[in-house]
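Read-outs throughout are calculated quantities, based only on the coordinates presented, and are distinct from any laboratory measurement. Given the structure is predicted, the values throughout are model-derived calculations rather than measurements. Reconstructed Cβ throughout: ideal geometry from the backbone, glycine too, with neighbour counts over all protein chains shown.
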Amino acid sequence: MIIGVGESSSNTKCTMKFGTHNGIFHCDEIVGIAILEIAYMNTDVYVVRTRKLDELNKLDIVIDIGGGIFDHHQPGFNVCRPTGEKYASAGLVWRAFAEEAIRNIMTKECMSINETEIKLIKEQIDKEVIIPVDMEDNGEKVSNHTFSFIPKYLPSWLEIPDYNNAFSRVQAIVVNILKATIKDKIVQVVTKKELQKRYDSINNGILEIPAQTMPWLEDVVSFNESHDYRVKFIIFPYPAGGWAAQSVPPSLARKFEQLVSFPKEWAGGNEETLPIISGIVDATFCHNGLFFARAKCKEAIIEMCRIAMN
């Protein structure tokens with residue numbers, strides 16, 4: 001946890017002290033410091049922003065300045081990934097600390113994945129999130145990426161600049177986004193394993209999952225593409241009570257279509273009208289788009305799916 005940002009480590013009693021340059025900040029060192037914060041999330045840390053080498057030499061980890069292993073500005077620096085993309089500070093820090101950061105989020109969220117899966121997530125986030133940051137900082141490619149908003153937090157030319165305060169404000173946002181990104185990747189891995197276990201219990205095209213928030217879409221569509229026996233409806237306990245069902249789309253490219261829709265006459269049905277229209281006493285709702293329905297109990301939602309398929 002970062003408890004302060006300043007230009008000197010004097011009288012700072014944090015366990016770890018990170019350093020980077022002062023003045024205008026860029027995406028790569030903001031993201032790099034965020035990675036370090038997550039890798040040391042159970043430790044009090046302090047960020048020193050300075051260009052004074054005597055100050056930098058007192059610190060535990062320095063990035064984007066100082067000539068160390070996390071400074072890509074050194075003469076002749078040309079460290080590249082196997083895929084050819086040159087490293088900047090964010091990528092160098094991710095390469096060294098990603099696995100520890102992922103393990104910390106895994107532990108915090110009480111989830112469990114193996115070392116191979118940790119390495120896979122490390123590679124995925126590097127490709128999807130970190131490489132664009134590095135390429136931008138190296139002047140190889142400028143395009144929108146996850147952290148393109150960072151420069152908006154720089155003080156404008158119309159105000160007296162307080163770069164350290166601005167750094168602190170955007171740093172907190174970047175840390176939360178990066179934590180959420182790592183958590184999402186871990187959830188995807190855990191979800192895939194859970195769905196693999198549940199495919200054996202598909203009941204006449206209906207697959208039960210434990211929660212609406214389970215990110216099933218990509219994996220179920222992939223399952224359907226490789227099996228003749230397809231999942232047509234996902235059912236789950238509804239957070240507000242009762243049960244719900246959602247139609248499975250034919251492909252990711254057509255994710256707003258359905259393999260099977262609920263009957264047209266059910267569209268817009270509610271707790272008063274839908275039992276009469278459908279003949280199911282416990283039916284409570286059907287979306288106008290005919291891809292989502294609710295009922296008071298599991299048996300009723302299964303029956304609604306069966307009627308739709310028949």
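Sort I302, I121 so the one with the fewest other Cβ atoms within 10 Å of its own Cβ comes first.
Least to most surrounded, the residues fall as I302, I121.
Does anyone have the angle between helix 89-108 and the longest principal axis of the chain? Alpha-carbon axes, 0 to 90°, nearest 10?
Once rounded, one gets 50 degrees.
Could you point to the residue in L56, M111, Y46 farthest towards the positive end of the range 2-193's charge dipole, with +1 and -1 charges on the Cβ of Lys/Arg and Asp/Glu respectively?
Going by the Cα projections, it comes out as M111.
In whole Å, what is the distance between the alpha-carbon centres of the range 193-217 and the range 119-163?
If we compute the Cα centre of each part, the gap is 37 Å.
Pairs to check: K58/K86; K17/K179; K52/K119. Give those whose C-alpha atoms are more than 26 Å from each other in this structure.
Beyond 26 Å: K58/K86; K52/K119.
Helix 27-39 sits at what angle to the longest principal axis of the chain, using alpha carbons and giving 0 to 90 degrees rounded to 10?
That helix lies at roughly 70 degrees to the long axis.
Note down the net charge around H21, summing +1 for each Lys or Arg and -1 for each Asp or Glu among other residues with Cβ under 13 Å from its Cβ.
-4
Please report, in debye to the nearest 20, how large the charge dipole of the range 2-193 is about its Cα centre when each Lys and Arg carries +1 at its beta carbon and each Asp and Glu carries -1 there.
Roughly 420 debye, rounded to the nearest 20.
Which of the listed residues, I2, I160, A244, is farthest toward the dipole's positive end in the chain, when Lys, Arg count +1 and Asp, Glu count -1 at the beta-carbon?
In the chain, that residue is A244.
How big is D for the range 83-238, in µm² s⁻¹ as a whole number, if Stokes-Einstein is applied with the Kirkwood radius of its Cα pairs at 25 °C and 0.890 mPa s?
133
Rounded to whole Å and ordered largest first, report the semi-axes of the equivalent ellipsoid of the range 108-189 derived from its Cα gyration tensor (root of 5λ).
Ellipsoid half-lengths, sorted descending, are 30, 17, 8 Å.
Provide, for q = 0.09 Å⁻¹, the log10 of I(q)/I(0) from a solvent-free Debye sum over equal Cα point scatterers in the chain.
With no solvent term, the Cα-only Debye profile gives -0.62.
Go ahead and estimate [θ] at 222 nm for the chain from helices alone: -39,500 (n - 2.57) per DSSP H run with n ≥ 4, summed, over the residue count, rounded to 500.
-12000 deg cm²/dmol
Please tell me which of these pairs span more than 21 angstrom C-alpha to C-alpha: K197/K232; K122/K183; K122/K185; K127/K152?
Result: K127/K152 exceed 21 Å.
Based on other C-beta atoms within 10 Å, arrange C286, C110 from fewest to most.
C110, C286
Count the DSSP beta bridges whose two residues both fall in the range 2-193, then state the antiparallel fraction as a percent rounded to the nearest 5.
The antiparallel fraction comes to roughly 10 percent.
Work out from phi, with θ = phi - 60° and the Karplus expression 6.51 cos²θ - 1.76 cosθ + 1.60, the ³J(HN,Hα) of each residue of the range 296-310, listed in order in whole Hz, and give x for Gly and Pro.
My calculation for the range 296-310 gives 6, 9, 4, 4, 5, 5, 5, 5, 5, 5, 5, 4, 4, 6, 8 Hz in order.
Full-extension gain between I173 and S222, please, as 0.36 nm times their residue separation minus the C-alpha to C-alpha distance.
Net length gain for the segment: 14.3 nm.
May I ask for the angle, rounded to the nearest 10°, between helix 163-198 and the longest principal axis of the chain, with both axes built from Cα atoms and the value confined to 0 to 90°?
The angle comes out at about 40 degrees.
Once the other residues with Cβ under 11 Å from the Cβ of K298 are scored (Lys, Arg +1; Asp, Glu -1), what is the net sum?
My count for the surroundings of K298 gives -3.
By the scheme Lys and Arg +1, Asp and Glu -1, what is the net charge of all other residues having a beta-carbon under 12 Å from that of D282?
Result for the neighbourhood of D282: 0.
For the chain, calculate the relative contact order in percent as a whole number, restricting contacts to Cα pairs under 8 Å that are 6 or more residues apart.
Answer for the chain is 13 percent.
Over all alpha-carbon pairs of the range 202-309, lay out the pair-distance distribution in 5 Å bins, whole %, shortest bin first.
For the range 202-309, the pair-distance distribution reads 2, 14, 25, 25, 19, 10, 4, 1, 0.
Quick one: what does P(r) look like for the range 19-100 with 10 Å bins over all Cα pairs, in whole %?
18, 51, 27, 3
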